[in-house]
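Remarks on the structure that follows.
The values are calculated or read from the model by the stated rules, or taken from the named source; none is laboratory data. Keep in mind that what you see is a predicted model, and the values were worked out from it rather than measured. Don't worry about glycine lacking a Cβ; one is built from the backbone with ideal geometry, like all the others, and counts go over all protein chains shown.
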């Protein structure tokens, strides 16, 4: 992860302990964790907005649109087949 190993992380934590002090370090770590969590939520929301905008503007590649059309057509065909099967079962029961 970013080329930082365990020794580097320990050095950073040791420096933070010396600079900030042991009393404030947990509070700062908690704030940093909350900030990173909020950043993660914002980035996720931005990613979803970009995907939606791309979809709305038909920027998706043609192959993706073909895949979506194929899935939609396949679903319609399955529904038709199920309807035919139910119709046949109903006709067989009447006979």
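Yes/no per residue for (1) surrounded by fewer than 10 Cβ atoms within 10 Å (Cβ to Cβ); (2) part of a loop (DSSP other than H, G, I, E, B); (3) modelled with pLDDT under 90; (4) under 30 Å from the mean Cα position of the chain (by Cα):
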| site | (1), (2), (3), (4) |
| --- | --- |
| 11 | no, no, no, no |
| 15 | no, no, no, no |
| 23 | yes, yes, yes, no |
| 31 | no, no, no, yes |
| 45 | no, no, no, yes |
| 51 | no, no, yes, yes |
| 55 | no, no, yes, yes |
Hits in region 57-66 - residues which are loosely packed, with under 10 Cβ neighbours inside 10 Å and either modelled with pLDDT of 90 or more or part of a helix (DSSP H, G or I) (or both): 62, 63
